[in-house]
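One structure below.
The values are calculated or read from the model by the stated rules, or taken from the named source; none is laboratory data. No experiment lies behind these values; they were computed from the predicted model shown. As a convention, Cβ positions derive from the backbone with ideal geometry for all residues, glycine included, and neighbour counts pool all protein chains shown.
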Amino acid sequence: MKYYGRLIWLFFRTSVQEEAAFRLNFAINILTTVLNLGSGILGLLILFNQVETVQGWTFPQTLTLLAVYLFVLALRDLVIGPSMNALGGIDGEVWTGRFDYTLLKPAPLQFLVSVRKWRIWAIVDLLLSLIILAVALAQLQQTVTWLQAGLFVFSLLLALLILYAILLILASLSFWAHGVPLDFVFNSFIQLGRYPVGIYPEWLRLLLTWIVPVGFMTTIPIQLLTEDLSPGVLLSGTLLALFLFWLASHFFRASLHRYASASS
């Protein structure tokens, strides 16, 4: 574990040095964060100025959902997304042939491609999402038990595992379809996670729960805090997350055989 910890710290420091060379990016990223956060909250304020609940969801519950959505996106933008884009993005290593150098590094390959790139400015997004989450939880005006809090944190870990597995699968597909930005399709779906899954038509709810499990990333954690959920829901989410991780890992290793070295 020490070895992996040192590698992560090394990747993090290298990313800090790279991004510090472009200080204008800091202002641009802060502006983007404020606009995203402001538009999300403003949209909820406009909506709940007209109605008291949306499919049974109150304003504090929906604000909590928005905070969880922003939290998950911030963690994606911090390390998972940049690392996967470095592998399979339009200018990624698979497309340009720079993956040769990654293959030569003395570290487990899946670990390497998962944590080597960090977007430092996403830490600001992460902190703001936690502030919004704290404010939203305070407005819920209900007692949160230690069990509910523990299940909430556990469900967030499942959400991150599901997100990681999906992004690894999409990055692995770049070995089969070079230079195609397949993550754009997933980004369109995850945008739907800023609202309760229950507001969508039944066919879309099923899609967002079991096929592209955005619901498990955002809606389910909030329901664990605010209402009694069947243990089967959390068990299903756990099995789904573990299955997707297993599938993503095996698909990544199988996709490596499709790579044509730049020197070949």
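The table for this structure:
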quantity	calculated
Candidates Arg13, Arg6, Arg76, filtered to the one that is surrounded by 14 or more Cβ atoms within 10 Å (Cβ to Cβ) and of a type outside the set (A, V, I, L, M, F, W, C)	Arg76
Scan of the stretch 238-263 for residues that are touching a helix residue (DSSP H, G or I) at 6+ places or on another chain (Cβ under 9 Å) and not hydrophobic (A, V, I, L, M, F, W, C), ordered by number	Thr238, Ser249, Arg253, Ser255, His257, Arg258, Tyr259, Ser261, Ser263
Leu109 modelled with pLDDT of 90 or more, in contact with a Phe, Trp or Tyr (Cβ under 9 Å, 6 or more places away or on another chain) and closer than 17 Å to Leu173 by Cα	yes
Complete set of residues in the stretch 206-237 that are without any contact (Cβ under 8 Å) to a residue 60 or more places away in the chain, in a loop (DSSP other than H, G, I, E, B) and either in contact with a helix residue (DSSP H, G or I) (Cβ under 6 Å, 6 or more places away or on another chain) or crowded, with 24+ Cβ neighbours inside 10 Å (or both)	Val212, Pro213, Leu229
Test for Leu63: is it at pLDDT 85 or above and either of a type in the set (Ser, Thr, Tyr) or surrounded by 14 or more Cβ atoms within 10 Å (Cβ to Cβ) (or both)	yes
Residues of the stretch 174-190 satisfying the condition of being modelled with pLDDT of 85 or more and buried (at least 17 other Cβ atoms within 10 Å of the Cβ)	Ser174, Phe175, Ile190
Residues of the stretch 95-106 satisfying the condition of being surrounded by 16 or more Cβ atoms within 10 Å (Cβ to Cβ) and modelled with pLDDT of 85 or more	Phe99, Thr102
Of residues in the stretch 48-70 being in a helix (DSSP H, G or I) and either of a type in the set (Val, Ile, Thr) or touching a strand residue (DSSP E or B) at 6+ places or on another chain (Cβ under 6 Å) (or both), the one farthest from Ala248 (Cα to Cα)	Thr62
Selection count, the stretch 85-94, where residues are surrounded by 14 or more Cβ atoms within 10 Å (Cβ to Cβ) and β-branched (Val, Ile, Thr)	1
Hits in the stretch 82-97 - residues which are under 16 Å from Ile166 (Cβ atoms), in contact with a helix residue (DSSP H, G or I) (Cβ under 7 Å, 6 or more places away or on another chain) and not hydroxyl-bearing (Ser, Thr, Tyr)	Met84, Leu87, Gly88
Wholly enclosed helices (runs of 4 or more DSSP H) of the stretch 71-183 bearing at least 1 residues touching a Pro at 6+ places or on another chain (Cβ under 8 Å) and in contact (Cβ under 8 Å) with a residue 12 or more places away in the chain	122-140, 146-172
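Rundown of residues vs (1) crowded, with 16+ Cβ neighbours inside 10 Å; (2) within 30 Å of Gly56 (Cα to Cα); (3) of a type in the set (Gly, Ala, Ser); (4) at pLDDT below 90, yes/no style:
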{"site": "Leu137", "(1), (2), (3), (4)": "yes, yes, no, yes"}
{"site": "Gln141", "(1), (2), (3), (4)": "no, yes, no, yes"}
{"site": "Ser155", "(1), (2), (3), (4)": "yes, yes, yes, no"}
{"site": "Ala165", "(1), (2), (3), (4)": "yes, no, yes, no"}
{"site": "Ile169", "(1), (2), (3), (4)": "yes, no, no, no"}
{"site": "Ser172", "(1), (2), (3), (4)": "yes, no, yes, no"}
{"site": "Pro196", "(1), (2), (3), (4)": "yes, yes, no, yes"}
{"site": "Ile199", "(1), (2), (3), (4)": "no, yes, no, yes"}
